[in-house]
Amino acid sequence: MSMPDEVPVTSTKTRAAAADGGCQGWMVVAASFVVSVLIYGVAFTYGIFVPSLVDHFQCGRSLVGGIGSLMIGLSWMLGESLYVVGVSS
């Protein structure tokens with residue numbers, strides 16, 4: 001069995017240009033990170049603010065806790081529904 005000495009290279013692959021231009025994509029990533037930190041930071045540290053909110057609004061801990069639960073629940077539910085609306089339009 002003999003092998004050919006040279007194998008012709010016929011590659012048509014070319015390097016694609018960056019779709020976003022580079023810097024703009026990283027700015028979107030950085031902005032998304034900052035927004036996520038702010039939103040999830042408030043949601044996951046809500047318990048730290050409960051005593052101050054109880055004193056300020058002169059109400060029970062259960063009402064303040066219910067409002068915090070509503071805030072977190074609405075952010076999850078509205079986030080999904082707004083995503084669906086954005087994708088379908």
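Before moving on, here are some points about what is shown:
- Scan the stretch 1-37 for residues that are among the small types (Gly, Ala, Ser) and either modelled with pLDDT of 90 or more or at positive phi (or both) and the total you get is 5.
- Subset tally (residues that are assigned to a loop (DSSP other than H, G, I, E, B), at negative phi and loosely packed, with under 10 Cβ neighbours inside 10 Å) for the stretch 38-89: 2
The values are calculated or read from the model by the stated rules, or taken from the named source; none is laboratory data. These numbers were taken from a predicted model, which means no experiment stands behind them. Using ideal geometry, Cβ is built from the backbone for each residue, glycine included, and neighbour counts are taken over all protein chains shown.
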